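All remarks here apply to the structure that follows.
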Amino acid sequence: MTTQLEIFKGALAHRHSHYALRPEWVASRETVEALLGSVLQTVPSAFNSQPVRMVLLTGEAHASHWKLVEDALIGLMGQEAYEANTASKIRQAFASGVGTVLFFDVPSVTEGLQASFPSYAANFPIWAQQVQGSHQHSVWMGLDMLGFGASLQHYIGMVDSEIKALAEVDASWVLTAQMPFGAPLAEVSGKEKLPLSETLFVK
């Protein structure tokens, strides 16, 4: 009989970065929406502050997002360098998927906590980033368990204002990451990890 721990370990081990996607809904858009809602409703946050916001981009919005990123990279790198070094990943691993989840932080949440609890003021920005990571990993795990391939990207700081306008979100929100997803074109093997003797200590 498979134990709950074995199921959990198997799910953790199966999640990888997928860089070859096709635009297919292996589970319905409604199911993905339900997944995102469940993550937002259940993943904990410091002081139950809930500073994470997500936007699910599909169809034209998904394509437009990656066109914004592509144009920004061409502007920074030049067309020739972009085509030689980056174009295939943007087009085949990100834009080629069926959707993208945008992750945002709401700075006013952290600022309010800092004002209310000044003794912890320096810690709240750290905790807010930890909460982002918890939500991102949970979404990634969920997409993988639904049969999607996904990866976590950080094309931020270039056209954030345009991305926020496309997503129709508050201009004060901070874009923290993008997660393109779609039907995986191939299985992905795991990366080498440090031995537990160097990372896990029991006293």
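The values are calculated or read from the model by the stated rules, or taken from the named source; none is laboratory data. Since the model is a prediction, treat every value here as computed from it, not as a measurement. Cβ atoms come from the backbone with ideal geometry, glycine included; neighbour counts cover every protein chain shown. The area values use the complete protein model at the heavy-atom level, side chains included, leaving out ligands, DNA and RNA. Shrake-Rupley method; radii C 1.70, N 1.55, O 1.52, S 1.80 Å.
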- prompt: What accessible surface, in Å², does a 1.4 Å probe find on SER88, ignoring ligands, DNA and RNA and rounding to the nearest 10?
  reply: 70
field: Solvent-accessible area per residue, Å², over segment 84-202 with all protein chains present [probe radius 1.4 Å]
entry: 52
statement: Expressed to one decimal in nm², the mean projection of the alpha carbon convex hull of the chain is 15.0
query: LYS164: which lysines have alpha carbons under 29 Å from its alpha carbon, excluding same-chain residues fewer than 8 sequence positions away?
result: LYS67, LYS89
statement: segment 110-163 and segment 167-198 have their Cα centres apart by a whole-number Å value of 12
statement: the chain: relative contact order from alpha carbon pairs under 8 Å, six or more residues apart, as a whole percent, is 36
field: Protection-proxy order for peptides 180-188, 28-36, each taking the mean of Cβ atoms within 10 Å per residue, highest first
entry: 180-188, 28-36
query: Sorted by packing (mean other beta-carbon atoms within 10 Å per residue), highest first, where do 167-177, 139-149 land?
result: 139-149, 167-177
message: Can you tell me how segment 90-203 classifies by the Cα gyration tensor, rounded, prolate or oblate, using a/c under 1.5 as the rounded cut?
response: oblate
field: Within the accessible area of the chain (1.4 Å probe), percent carbon and sulfur
entry: 56
- request: Please list 64-73, 119-128 highest first by mean number of surrounding beta-carbon atoms within 10 Å per residue.
  value: 64-73, 119-128
